[in-house]
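What follows is a set of notes on a single structure, which appears directly below.
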Amino acid sequence: MLGILCQLIISRRYKLLIREASDTQLEKRDFMKQLRYKFRMDKKRSNENVNIPVFVRRSMCDYRFMRMTFHQWKRLAGGLYIISMAAAAAGLIYCFRTGLSDTYIQNVLWTAGGITAATVAFGLWTDLPYKASYLQMELEDYFFHSGAAVEYQEAEAEVAAAAVAAPVKAKVPSVIGIRKKKGEQVETKAQREKRELKTNLAKIKEGARETAVSDSDRERNRELLRQMDSKEQERIIRDVLAEFLA
């Protein structure tokens with residue numbers, strides 16, 4: 001009876017997984033979610049080359065419920081049947097050695113025959129090999145045509161389309177006779193001081209309407225002007241005054 005109960009448990013589990021795999025709704029349960037996650041990870045690790053039939057068979061071999069795989073449940077059912085037959089054989093040996101009447105022997109034989117007939121009948125009724133092959137077919141169809149494989153390819157296509165649609169940085173046309181320098185041009189000390197002075201003077205122009213320039217900025221501007229030669233000072237002051245009066 002325990003072996004028959006194991007067959008019923010296996011059959012019930014196969015029915016639940018088949019129902020979940022054949023469900024066309026977007027929301028899947030834990031079994032399908034885990035399979036989709038494993039499939040995507042295997043697809044990334046194997047560089048887009050995944051043998052789906054092998055992946056499905058391996059997943060079914062690794063699947064556990066009540067801390068046991070399908071193979072372990074089937075072995076348990078077969079082991080319980082063997083134990084019952086061993087008990088019947090022990091009863092027959094005991095009857096022969098003790099010289100019991102034929103009634104006891106017939107009872108043991110009828111019991112062993114009944115157990116065998118019930119086990120075979122429930123095995124044919126549950127039809128576990130067919131359900132296992134049907135579940136494998138459902139999973140392969142899901143990953144081949146309407147499941148994670150298609151979703152993965154669509155996601156890759158969207159990423160590729162977004163990359164193509166992204167704006168490409170315009171290239172500066174090269175001029176004949178002028179070589180393109182490698183790397184950015186290094187800013188010299190004089191250029192940096194000139195740039196800082198222009199920035200500070202521009203700030204003076206913008207802030208003159210609201211607030212006066214701080215003493216530190218004035219001192220820095222004077223220091224920068226003193227470090228330049230007379231021609232550079234005149235040119236910068238002339239440019240700044242021209243911008244200020246414009």
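The values are calculated or read from the model by the stated rules, or taken from the named source; none is laboratory data. The shown structure was predicted, so the numbers you read here are calculated from the model rather than taken from an experiment. In this analysis, Cβ positions are derived from the backbone assuming ideal geometry, glycine residues included, and neighbour counts consider all displayed protein chains. Only protein heavy atoms, including side chains, enter the accessible area calculation; ligands, DNA and RNA are left aside. Shrake-Rupley method; radii C 1.70, N 1.55, O 1.52, S 1.80 Å.
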Suppose each label sits 7 Å from its Cα in the direction of the beta carbon; what would the residue 82-residue 101 distance come out to in nanometres? 3.6 nm
Put a dot 7 Å past each Cα toward the Cβ at residue 241 and residue 226; how far apart are the dots in nm? 2.2 nm
Roll a 1.4 Å probe over the protein heavy atoms and report the accessible area of residue 50 in Å², nearest 10. 40 Å²
Per the 1.4 Å probe, what fraction of the accessible area of region 54-94, in percent, lies on carbon and sulfur atoms? 67 percent
Residue 94 accessible area, 1.4 Å probe, all protein chains in place, Å² to nearest 10: 140 Å²
Extended-chain gain in nm, criterion 0.36 nm per residue less alpha-carbon gap, residue 74 and residue 89: 3.1 nm
For region 1-154, what number of Lys pairs, 8 or more residues apart or on separate chains, have alpha-carbon atoms under 19 Å from each other? 8
Between the alpha-carbon centers of region 111-142 and region 1-74, tell me the distance in whole angstrom. 17 Å
